[in-house]
1. Would you calculate the separation in nanometres between label points at THR176 and ASN206, each defined as 7 Å from the Cα along the Cα-to-beta-carbon direction?
2. Enumerate the calculated ³J(HN,Hα) couplings along segment 68-82 in order (Karplus 6.51 cos²θ - 1.76 cosθ + 1.60, θ = phi - 60°), each rounded to whole Hz, writing x wherever the residue is Gly or Pro.
3. Taking only the alpha carbons of segment 108-234, what extent do you get along each of the three principal axes, in Å, biggest first?
4. Starting from the 7 Å offset along Cα-to-Cβ, what nm value, one decimal, do you get for the label separation of ALA220 and PHE168?
5. Go ahead and estimate [θ] at 222 nm for the chain from helices alone: -39,500 (n - 2.57) per DSSP H run with n ≥ 4, summed, over the residue count, rounded to 500.
6. Mean-square fluctuation check for the chain, GNM, Cα pairs under 10 Å: which of LEU62, LEU173, LEU49 is largest?
7. Mind jotting down a quarter of the surface of the convex hull over the alpha carbons of segment 32-108, in square nanometres, one decimal?
8. Helix 3-25 against the longest principal axis of the chain: what's the angle in degrees, Cα atoms only, rounded to the nearest 10?
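Derivation of every value follows stated rules applied to the coordinates shown; laboratory data play no part. Quick caveat, the model's predicted, so the values are computed rather than measured. No Cβ is skipped: glycine too gets one built from the backbone with ideal geometry, and neighbour counts run over all protein chains shown.
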Amino acid sequence: MKKSLVKPFIFLSILCETWLSLGYSQSVSREVDSLFREDQFFVGFQYNLLNNEPSGVAQYGLSGGIQLGVIRDMPISKNRRWSIGIGLGYELDYLNHNIQISKDSNNQLNYSVLSLNDFDSNKLVTHALSVPFEFRWRNATPSEDKFFRIYPGFRLSKILSNRASFKFNSEELKYTSQIGLETWQYGPTLSLGYAQFNLSIYYGLNKMFTKEAMSNGAPADMSKLKLGLILYIL
């Protein structure tokens, strides 16, 4: 197994145990409703990974995130096992990495890849609104609250605010706007699982940094991969 994937799997294992205990404790009886809709609220936890990172770029520690929101479930089959879902969500992501973002006296952005020994912390935090779209299959029935699901989809996100922070000894730098990130992020998603236990995957299709940022030293072609767990609620 790649070294960069060891921590995500440890992180997901811990979440799995927590999720399973939640699943058993949250089982409730359902009223019979032939016009039932499923999974219209969601909350998820994820591990953020850099994808297509160039040589020298690395992550350290845990880089996580949370997502939550609402999805309108619209059944498209008579037995209501096939449906389309579209919604609105909020995403908080943070990424521990070794790319220093700084500005010179002319407010010009600069990017440099550091050794992990050259800083105490170097973090990127983003807040975003997202629009998830899912094509849904589940073997649900009107009276059963535990069922299998497979939800492939697509997610479009708009970054509302961001913060880059760097600390080393007594030096501390913080930038809260205009740090060269692409405002819009998008990519395919997949959620699958049983009952309250569901894995989620997001694969970013577009680059993290703008063309202008890349011309000033930001890594080119780098995007995000997110692995996590998601809980759907009626």
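1. Computed distance between label sites THR176 and ASN206 equals 2.5 nm.
2. 7, x, 10, 10, 7, 8, 10, x, 10, 10, 4, 7, 6, 8, 10
3. Sorted from largest, the Cα extents of segment 108-234 read 60, 30, 23 Å.
4. 2.6 nm
5. Working: 2 runs with 28 residues, N = 234.
Result for the chain, helices only: -4000 deg cm²/dmol.
6. Its mean-square fluctuation being the largest, the pick is LEU173.
7. Details: hull surface 35.5 nm².
So the Cα hull casts an average projection of 8.9 nm².
8. 30 degrees
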